Amino acid sequence: MASTTSPDNRNDLTKRVLRQMTLSSASNPLTAPLPKENLTPSERARQRFAIEGNAIVTGAGGIGLSVIRALLEHGASGIAIFDVPVSYATSIPAIDALKADFPQAKIITYDVDVRNENLVNDAVDRVVKDFGSISMLLCFAGVVGCEHAHEMKAEDWKRVLDVNVTGSWFCAQAVGKKLIAQKSGGSILFTASISGHRVNFPQPQVAYNTSKAAVLQLTRSLAAEWSSYGIRVNSISPGYMDTILNEGDGLAASRAVWADRNPMGRMGDVEELSGAVILLCSKRAGRYLNGADIVVDGGGIIF
Ligand SMILES: NC(=O)c1ccc[n+]([C@@H]2O[C@H](COP(=O)([O-])OP(=O)(O)OC[C@H]3O[C@@H](n4cnc5c(N)ncnc54)[C@H](O)[C@@H]3O)[C@@H](O)[C@H]2O)c1
């Protein structure tokens, strides 16, 4: 019996047999504590936040590019970047700088609109061929929209939900399948937002807020469902960061409100997100972090 029903066969509801997820167990080597090694204090400190393997990073914008640099600084051997061609035009100089600064690492860009499931699946297949294996997925591809709710067009609502939620999901599913096939475990990091926790002010952004709340629940759902495969799934929730998403003269009044209402009196610098990302993605420091969301917002409890 199918585990889902269509509205036409409501009579079958009582005949369903629900699929069950399997949680991990203490003896599973993919989730058990890592063996202790005989290291010097400085080696132990370095290893605690080491990043190992290849990462797919979606969205090479302000936050994505900064995090890619941090991943490489902490030891990532390869970075596959998924973004749309229009953005590569502006991010190519920064990507070239990364290639020059980390010549030992493999860095490849792929034209991928994360809303397109086939493109995502093909690109993830290509990454496995190009890099040999995947260890991490970090999703930064995202768009914002600030419309009054009562005036919003369906296409604007859908665009935000499609990129931020469905795009993250397509990437996670494609990478999750590979990690499960590899039997390697791995780490997935989503980008939620303070907007997933609270309502921003003064700008109206119902679609964005809804999308980021969905990302938080995507995180927790996959963290539980994929635990037995050793796939840890976590998210970060940045506050207002100084990136192109929040730039422009038209945003000056809003920026002043955001800074004024923040206990630290300012917006965040993208670099200030890297520590949380490295913690969540590192095999050792992040070993028991699963289904977690780290809010990085300067203590912005006051909206
Ligand atoms: N900047 C902030 O204040 C802030 C705060 C909270 C959360 N976030 C989230 O952080 C993430 C990154 O934001 P940012 O500030 O770096 O923005 P950004 O605009 O600099 O980067 C976003 C990137 O996503 C890419 N992208 C958009 N649509 C895509 C698609 N369909 N397929 C593939 N790539 C696509 C863009 O081309 C761009 O490179 C987003 O998810 C955003 O919602 C940002």
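Being within 15 Å of the ligand (Cβ to nearest atom) and of a type outside the set (Phe, Trp, Tyr) is a description that does not apply to residue 289.
When residue 201 is tested against (1) surrounded by fewer than 16 Cβ atoms within 10 Å (Cβ to Cβ); (2) in a helix (DSSP H, G or I); (3) not polar (S, T, N, Q), only condition (2) is not met.
If only residues of the stretch 225-273 that are on the phi > 0 side of the Ramachandran plot and over 25 Å from the mean Cα position of the chain (by Cα) are counted, the one that is farthest from the ligand (Cβ to nearest atom) is 265.
Confirm whether residue 130 is among the acidic types (Asp, Glu), within 30 Å of residue 247 (Cβ to Cβ) and surrounded by fewer than 17 Cβ atoms within 10 Å (Cβ to Cβ).
Numbers: among the acidic types (Asp, Glu): yes; within 30 Å of residue 247 (Cβ to Cβ): no; surrounded by fewer than 17 Cβ atoms within 10 Å (Cβ to Cβ): yes.
Judged against the criteria, residue 130 is not a match.
Of the residues in the stretch 203-215, at least one is at pLDDT below 95 and not β-branched (Val, Ile, Thr). Could you check, for the stretch 32-54, whether at least one of its residues is within 16 Å of the ligand (Cβ to nearest atom) and hydroxyl-bearing (Ser, Thr, Tyr)? Among the residues of the stretch 32-54, not one is within 16 Å of the ligand (Cβ to nearest atom) and hydroxyl-bearing (Ser, Thr, Tyr), which makes the answer no.
Taking the conditions exactly as written (within 14 Å of the ligand (Cβ to nearest atom), in a helix (DSSP H, G or I) and not small (Gly, Ala, Ser)), does residue 222 satisfy them or not?
On the way: within 14 Å of the ligand (Cβ to nearest atom): no; in a helix (DSSP H, G or I): yes; not small (Gly, Ala, Ser): yes.
Here the answer is no, as residue 222 does not meet what is asked.
Considering only residues that are without any contact (Cβ under 8 Å) to a residue 60 or more places away in the chain and hydroxyl-bearing (Ser, Thr, Tyr), which ones fall in the stretch 212-238? Selection gives 221, 235. For residue 188, the conditions (1) within 13 Å of the ligand (Cβ to nearest atom); (2) touching a helix residue (DSSP H, G or I) at 6+ places or on another chain (Cβ under 9 Å); (3) not basic (Lys, Arg) are fulfilled apart from (1). Taking the stretch 77-107 as the range and being open to solvent by less than 50 Å² (accessible area, probe 1.4 Å), in a strand (DSSP E or B) and away from the ligand (no atom under 15 Å from the Cβ) as the test, the residues that pass are 78, 107. Among the residues making up the stretch 93-123, those that are under 24 Å from residue 158 (Cα atoms) and of a type in the set (Val, Ile, Thr) are 112, 114, 120.
On the given criteria, is residue 196 surrounded by 16 or more Cβ atoms within 10 Å (Cβ to Cβ) and within 11 Å of the ligand (Cβ to nearest atom)? Show your work before the answer.
Numbers: surrounded by 16 or more Cβ atoms within 10 Å (Cβ to Cβ): yes; within 11 Å of the ligand (Cβ to nearest atom): yes.
Here the answer is yes, as residue 196 does meet what is asked.
What residue, among those in the stretch 144-173 that are in a loop (DSSP other than H, G, I, E, B) and in contact (Cβ under 8 Å) with a residue 60 or more places away in the chain, is farthest from the ligand (Cβ to nearest atom)? Only one residue fits best here, namely 147.
The values are calculated or read from the model by the stated rules, or taken from the named source; none is laboratory data. Keep in mind that what you see is a predicted model, and the values were worked out from it rather than measured. FYI the Cβ positions are ideal-geometry reconstructions off the backbone, even for glycines, and counts take in every protein chain you see. Just so you know, the surface numbers come from the protein's heavy atoms only, side chains and all, with ligands and any DNA or RNA stripped out. Shrake-Rupley method; radii C 1.70, N 1.55, O 1.52, S 1.80 Å.
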